[in-house]
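The structure appears right after this line, and notes come after that.
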Amino acid sequence: MLAWLARWIRDLILLQIGGDRDQILYLDDLTTLEAYAQQANTDLLLELLREIEMTEQQATRHLNLHMALEMILLRLRDAVAVSSVPLPA
């Protein structure tokens, strides 16, 4: 789950910075990614990527992965906070 989230966030950031669309991993979800990329906070997304990396590194220790994932998902919600931009269904 963490690896999937990291790739999805990476795609958001690529879209935000005008990166090469050939590098987008989730092209089948491009419409949704573009909608979120328009309103997402890039700095928060970058922080989330670092947090996911740290969580993955600590996964071999006695870390509560369920709680860590929950916190990451809550922070992702904040980073892509829904505004007046309509998102695809």
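The values are calculated or read from the model by the stated rules, or taken from the named source; none is laboratory data. Small disclaimer: the values here were computed from a predicted structure and weren't measured. All Cβ positions, glycine included, derive from the backbone under ideal geometry; neighbour counts span all protein chains shown. When the accessible area is computed, the model is the full protein with side chains, heavy atoms only, and any ligands, DNA or RNA have been set aside. Shrake-Rupley method; radii C 1.70, N 1.55, O 1.52, S 1.80 Å.
Looking at ILE52, ILE13, ILE9, can you tell me which residue is in contact with a Gly (Cβ under 9 Å, 6 or more places away or on another chain) and in a helix (DSSP H, G or I)? If you could, list the steps in order and put the result at the bottom.
Values: ILE52 fails: in contact with a Gly (Cβ under 9 Å, 6 or more places away or on another chain); ILE9 fails: in contact with a Gly (Cβ under 9 Å, 6 or more places away or on another chain).
One residue alone meets the criteria, ILE13.
Yes or no, residue by residue, for (1) among the acidic types (Asp, Glu); (2) at pLDDT below 90:
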residue	(1), (2)
LEU12	no, no
LEU25	no, no
GLU34	yes, no
ALA37	no, no
LEU48	no, no
GLN57	no, yes
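Quick check on my filter: what residues within segment 1-10 are open to solvent by less than 60 Å² (accessible area, probe 1.4 Å) and more than 8 Å from the chain's Cα centre (by Cα)?
LEU2, ALA3 - these are the residues of segment 1-10 that are open to solvent by less than 60 Å² (accessible area, probe 1.4 Å) and more than 8 Å from the chain's Cα centre (by Cα).
What number of residues in segment 16-49 are more than 11 Å from the chain's Cα centre (by Cα) and in a helix (DSSP H, G or I)? Reasoning before the result, please.
Pass one, segment 16-49, residues more than 11 Å from the chain's Cα centre (by Cα): 16-32, 34-35, 38-39, 43.
This time we only want the ones that are in a helix (DSSP H, G or I), so: 16, 21-23, 27-32, 34-35, 38-39, 43.
The number of residues fulfilling the criteria is 15.
Taking segment 55-64 as the search range and keeping residues that are free of Cβ contacts under 8 Å to residues at least 24 places away in the same chain and not in a loop (DSSP other than H, G, I, E, B), which one is least open to solvent (accessible area, probe 1.4 Å)?
The extreme case among them is GLN58.
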